[in-house]
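Input: a single structure, listed below in structure tokens.
What follows is calculated from the coordinates using simple rules that are stated; it is not laboratory data. These numbers come from a predicted model, not from an experiment. No Cβ is skipped: glycine too gets one built from the backbone with ideal geometry, and neighbour counts run over all protein chains shown.
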Amino acid sequence: MLGWSIKLFRIRGIQLSLHGSFLLLLAYATWAGWSEERGPGALGNVALVLAFFTCIVLHELGHAFAGRRFGVDVTRILLLPIGGMAEFTAIPRRPLHEVLMALAGPAVNFVIVGLLLTVVRFPPHWIDNAPAIPLTVGELGRHLVAANLVMGLFNLVPVFPMDGGRVLRALLASRFSYLRATFAAATLAKVLAVLAIAVALAAPQLQLAPEPLYLPAVLFAFIFFAGEMEYRMVRRTELEAAHWRHWWNRQEITSLPPVSAEPPC
Ligand SMILES: [Zn+2]
């Protein structure tokens with residue numbers, strides 16, 4: 001599923017790639033903008049998507065550069081319509097390093113919010129009257145402040161493998177084995193993801209929205225499977241490590257020269 005991607009450019013050795021389905025998102029944003037406000041609407045929507053995904057890249061670079069400090073490299077950042085994914089060569093085993101690496105992403109969003117707020121001004125009751133499509137630079141800035149705030153906070157929700165979930169796993173790993181910590185964080189994430197999917201689909205009945213929230217439901221389904229995949233990967237590497245440790249110990253024992261082999265003279 002993640003194979004069909006377009007290579008964009010490299011940032012300090014990290015390949016930035018765009019998943020093919022991202023083009024569908026751009027096409028949808030153009031169409032939605034055009035049908036509401038014609039040319040300016042299409043332009044505003046495309047500018048918003050591009051600016052928003054630039055912030056996602058910066059968020060992922062936050063993780064990547066923090067990881068490099070702890071000897072974990074990033075080979076690729078892949079942009080999907082639902083967000084970004086950084087591919088790491090390893091996961092830091094020191095809980096503090098994993099916490100700092102996980103927090104570096106949302107920290108970038110909060111820095112962007114802080115920088116934008118030095119120039120962007122909000123009229124009173126903006127949230128109630130915010131237009132869906134930004135038609136001015138000021139409106140684009142306001143949308144970006146809101147989007148970065150939501151992105152930073154949403155990623156801190158302790159649902160593994162989102163950033164908050166990684167912080168939770170690292171905290172658990174300081175008390176339990178790495179595998180048990182991952183299992184506990186992933187299990188909690190799956191329960192919360194299923195609840196969130198149910199709430200998103202039952203949004204009209206719960207009077208949260210006039211229609212079912214399909215996009216958040218898909219996002220939580222993705223988080224559910226991403227958590228399960230990462231847990232399986234951790235389990236496989238831990239089992240392999242245990243197998244080799246066991247094998248190596250056995251070899252050491254059996255390869256010892258037999259003590260009583262020398263005939264006493
Ligand atoms: Zn992140």
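Starting from the Cα of L206, step 7 Å along the direction of its Cβ; do the same at F88; then give the gap between the two resulting points in nm.
3.0
Beyond 19 Å, what share of the Cα-Cα pairs of segment 1-156 remains, rounded to the nearest whole percent?
The answer is 59 percent, as a whole percent.
Based on the Cβ-Cβ distance from S35 to T118, what FRET efficiency comes out when R0 is 51 Å, to the nearest 0.05?
Efficiency for this residue pair is about 0.90.
If I model a spin label at L50 and L135 as a point 7 Å from the Cα along the Cα→Cβ vector, what separation in nanometres do I get?
2.1
Under the rule of -39500 (n - 2.57) per DSSP H run of 4 or more residues, summed and divided by the residues of the chain, what mean residue ellipticity at 222 nm is obtained, to the nearest 500 deg cm²/dmol?
Calculated mean residue ellipticity at 222 nm is -22500 deg cm²/dmol.
State the Kirkwood hydrodynamic radius of segment 158-254 in Å, one decimal place, computed from all pairs of distinct Cα atoms.
15.1
If we sort 33-43, 106-116, 121-131 on the protection proxy, mean other Cβ atoms within 10 Å, highest first, what's the order?
106-116, 33-43, 121-131
Can you list, largest first and rounded to whole Å, the semi-axes you get for the chain by taking the square root of 5 times each eigenvalue of its Cα gyration tensor?
45, 21, 18
With an 8 Å Cα cut-off and a minimum separation of 6 or more residues, compute the relative contact order for segment 1-156 in percent.
Computed value for segment 1-156: 22 percent relative contact order.
Quick check on the chain: of the DSSP beta bridges with both residues there, what percent are antiparallel, nearest 5%?
Among the beta bridges of the chain, antiparallel pairing accounts for roughly 75 percent.
For the chain, with only Lys/Arg (+1) and Asp/Glu (-1) charged at the beta-carbon, what is the dipole magnitude about the Cα centre, in debye rounded to 20?
560
Taking N as the number of residues in segment 62-105, what is its Cα Rg relative to 2.2 N^0.38 Å?
1.12
Are there any helices in the chain, counted as whole DSSP H runs, that stretch 20 Å or more along their axis by Cα and score at least -0.5 on average by Kyte-Doolittle, and if so which?
Span-like helices here: 21-69, 95-116, 137-155, 178-201, 214-254.
So what is the relative contact order of segment 112-203, in percent, for Cα pairs below 8 Å that sit 6 or more residues apart?
With pairs under 8 Å counted, the relative contact order is 20 percent.
Using a 7 Å offset from the Cα along the Cα-to-Cβ direction at both M229 and A242, what is the distance between the two label points in nm, to one decimal?
2.5
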